[in-house]
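A quick write-up on the structure given underneath.
The values are calculated or read from the model by the stated rules, or taken from the named source; none is laboratory data. Note that the structure is predicted; figures quoted are calculated from it, not measured. FYI the Cβ positions are ideal-geometry reconstructions off the backbone, even for glycines, and counts take in every protein chain you see.
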Amino acid sequence: MRRFLTTLKTARVLWPTAIALTGAAAGLGLLAYSSGMKLATITNGTLECRLTPEAAQVLNDRQITFDAVAPARKVSADTIRYGRPEGSVDIALQGKVAVTGGFSLRGGQGRAVELTDPGGTTPSGTPKGAITIRTPSGPQESRDVEMFSYTIPPANISGQPTGPASFRVKATDIPVSLAPAAITKISDVLGPVLSSGRPFFTCQGEVQAGAG
């Protein structure tokens with residue numbers, strides 16, 4: 001009986017320690033799992049961008065029509081959904097992302113500007129893309145033009161493992177401004193739109209990356 005009580009007392013002492021060690025090991029395992037998520041190829045995803053109220057008001061005041069350029073599509077009067085994202089990112093959304101399609105700004109007299117196929121670094125950067133100016137004299141395209149400027153706050157990024165080598169990462173409330181080069185090209189055709197540094201879009205996106 002004395003041996004049994006001694007064994008029971010020892011178990012009572014060791015049991016909380018065992019639980020604590022197990023919990024710590026699980027935490028370290030999750031940390032290792034997350035930190036082991038290197039750059040992975042994007043397999044699917046979405047990116048939607050909505051005009052800020054200020055941008056929408058400026059376009060309305062200047063009678064400039066906002067529309068999508070395929071494969072992007074309009075999901076509401078002031079929101080477009082780009083084509084599927086491509087590139088490579090990690091679970092903290094560090095990497096490079098490109099999307100297809102874009103949007104057009106159309107004024108009077110057959111004059112319009114299209115901004116398409118932006119791609120650049122995340123979670124901050126100045127992605128480049130193609131800007132096409134359309135006038136009655138014909139289209140003029142410029143490639144590798146800095147199109148936007150953005151920095152995604154860390155609090156707006158959330159990543160979640162979905163498998164041993166795959167994950168999903170979301171970003172919300174992304175403030176996106178037009179880059180100076182884009183503003184210049186738009187202003188040359190349609191007049192002043194927004195000054196540099198003023199948010200033009202608020203975007204949100206999600207990507208799945210890795211195997212499976």
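Residue by residue through the range 113-130, note down the ones that are in contact with a Gly (Cβ under 7 Å, 6 or more places away or on another chain) and either within 19 Å of ALA40 (Cα to Cα) or not assigned by TED's automatic domain parsing to the domain that holds ILE157 (or both).
Residues of the range 113-130 in contact with a Gly (Cβ under 7 Å, 6 or more places away or on another chain): 114-119, 122, 126-129.
GLY119, THR122 - these are the residues of the range 113-130 that are in contact with a Gly (Cβ under 7 Å, 6 or more places away or on another chain) and either within 19 Å of ALA40 (Cα to Cα) or not assigned by TED's automatic domain parsing to the domain that holds ILE157 (or both).
How about the range 143-157: which of its residues are loosely packed, with under 12 Cβ neighbours inside 10 Å and closer than 25 Å to GLU206 by Cα? Let's see the steps before the verdict.
Here is the first cut: in the range 143-157, the residues loosely packed, with under 12 Cβ neighbours inside 10 Å are 143-144, 154-155.
If the condition is that a residue be loosely packed, with under 12 Cβ neighbours inside 10 Å and closer than 25 Å to GLU206 by Cα, then ASP144, PRO154, ALA155 are the ones that fit.
Restricting the search to the range 156-189, which residues are in a strand (DSSP E or B) and small (Gly, Ala, Ser)? Break it down stepwise before answering.
Filtering the range 156-189 for residues in a strand (DSSP E or B) gives 157-163, 166-178.
Listed by number, the residues that qualify are SER158, GLY159, GLY163, SER166, ALA171, SER177.
I need every pair where a residue in the range 96-124 that is under 30 Å from GLN63 (Cβ atoms) has its Cβ under 6 Å from the Cβ of a residue that is among the acidic types (Asp, Glu), sequence separation at least 6 or different chains.
Within 6 Å, the pairs are THR100/ASP117; SER104/ASP67; SER104/GLU114.
Could you grab me the full set of residues in the range 79-101 that are crowded, with 18+ Cβ neighbours inside 10 Å and not in a strand (DSSP E or B)?
TYR82, GLY83, PRO85, ASP90, ILE91, LEU93, VAL99, THR100, GLY101, listed by residue number.
Given the residues LEU30, LEU5, which is the only one that is surrounded by fewer than 10 Cβ atoms within 10 Å (Cβ to Cβ), modelled with pLDDT under 50, hydrophobic (A, V, I, L, M, F, W, C) and not assigned by TED's automatic domain parsing to the domain that holds PRO154?
LEU5
Being crowded, with 18+ Cβ neighbours inside 10 Å and more than 27 Å from GLN208 (Cα to Cα): is that true of ALA112 here?
On the way: crowded, with 18+ Cβ neighbours inside 10 Å: yes; more than 27 Å from GLN208 (Cα to Cα): yes.
Spelling it out, ALA112 is indeed crowded, with 18+ Cβ neighbours inside 10 Å and more than 27 Å from GLN208 (Cα to Cα).
Among the residues of the range 168-189 satisfying the criterion of being over 25 Å from VAL58 (Cα atoms) and of a type in the set (D, E, K, R), which is surrounded by the most Cβ atoms within 10 Å (Cβ to Cβ)? Outline the logic, then answer.
Residues of the range 168-189 over 25 Å from VAL58 (Cα atoms): 168-171.
Subsequent filtering for residues that are of a type in the set (D, E, K, R) retains 168, 170.
Values: ARG168: 18, LYS170: 16.
So the residue we want is ARG168.
If PRO192 meets every condition in (1) crowded, with 18+ Cβ neighbours inside 10 Å; (2) assigned to a loop (DSSP other than H, G, I, E, B) apart from one, which number is that one?
Unmet for PRO192, out of (1) crowded, with 18+ Cβ neighbours inside 10 Å; (2) assigned to a loop (DSSP other than H, G, I, E, B): (1).
Suppose we filter GLN63, GLN140 for residues that are loosely packed, with under 14 Cβ neighbours inside 10 Å and not in a strand (DSSP E or B); which single one remains?
Working: GLN140 fails: not in a strand (DSSP E or B).
Answer to the check: GLN63.
May I ask you to verify whether THR202 is in contact with a Pro (Cβ under 8 Å, 6 or more places away or on another chain), over 17 Å from GLY120 (Cβ atoms) and in the same structural domain as GLY119 (by TED's automatic domain parsing)? Before the answer, list the steps.
On the way: in contact with a Pro (Cβ under 8 Å, 6 or more places away or on another chain): yes; over 17 Å from GLY120 (Cβ atoms): yes; in the same structural domain as GLY119 (by TED's automatic domain parsing): yes.
Yes, satisfied.
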